[in-house]
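The structure appears right after this line, and notes come after that.
The values are calculated or read from the model by the stated rules, or taken from the named source; none is laboratory data. Since the model is a prediction, treat every value here as computed from it, not as a measurement. Glycine gets a Cβ as well: all are built from the backbone with ideal geometry, and neighbour counts include every protein chain shown.
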Amino acid sequence: MKLPIFCPSCESTLRVSQMTCGTCSTVVNGDYDLPLYLKLNRDEQDFILEFFLNSGSIKEMAKQAELSYPTMRNKMDDLIEKIKNLKS
């Protein structure tokens, strides 16, 4: 099962409030931000993973997705801008 990252009611980013150790059942409670990567939607996470697995080659990603290089570059630029805004 994948970790939900957005509220099903209002679509806001969820925060972590509890984690449990699968070995000893220790429970940690608090109010924690999700890591930046988890604040991205699944498609954006997959895009970053594919970029990594393609050794950072946008050209190879475009080829595999049967898209033009400029189209893939624009997707990358949009994602970079989103990440910059999330960091602010």
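Suppose we filter T13, T23 for residues that are at pLDDT 95 or above, of a type in the set (S, T, Y) and farther than 29 Å from P70 by Cβ; which single one remains?
Checking each option against the conditions leaves just T23.
Residue by residue through region 32-41, note down the ones that are exposed (fewer than 13 other Cβ atoms within 10 Å of the Cβ) and in contact (Cβ under 8 Å) with a residue 12 or more places away in the chain.
If the condition is that a residue be exposed (fewer than 13 other Cβ atoms within 10 Å of the Cβ) and in contact (Cβ under 8 Å) with a residue 12 or more places away in the chain, then Y32, D33, L36, N41 are the ones that fit.
Can you tell me which residue is farthest from K84 (Cα to Cα) among those in region 15-65 that are part of a loop (DSSP other than H, G, I, E, B) and of a type in the set (G, A, S)?
The residue in question is S25.
Taking region 48-88 only, how many residues are closer than 28 Å to M19 by Cα and in contact with a helix residue (DSSP H, G or I) (Cβ under 6 Å, 6 or more places away or on another chain)?
The qualifying residues number 1.
With respect to D46, determine if the residue is at pLDDT 95 or above, of a type in the set (D, E) and out of contact with any Asp or Glu (no Cβ under 7 Å at 6 or more places or on another chain).
Taking the combined requirement at face value, the residue does not satisfy it.
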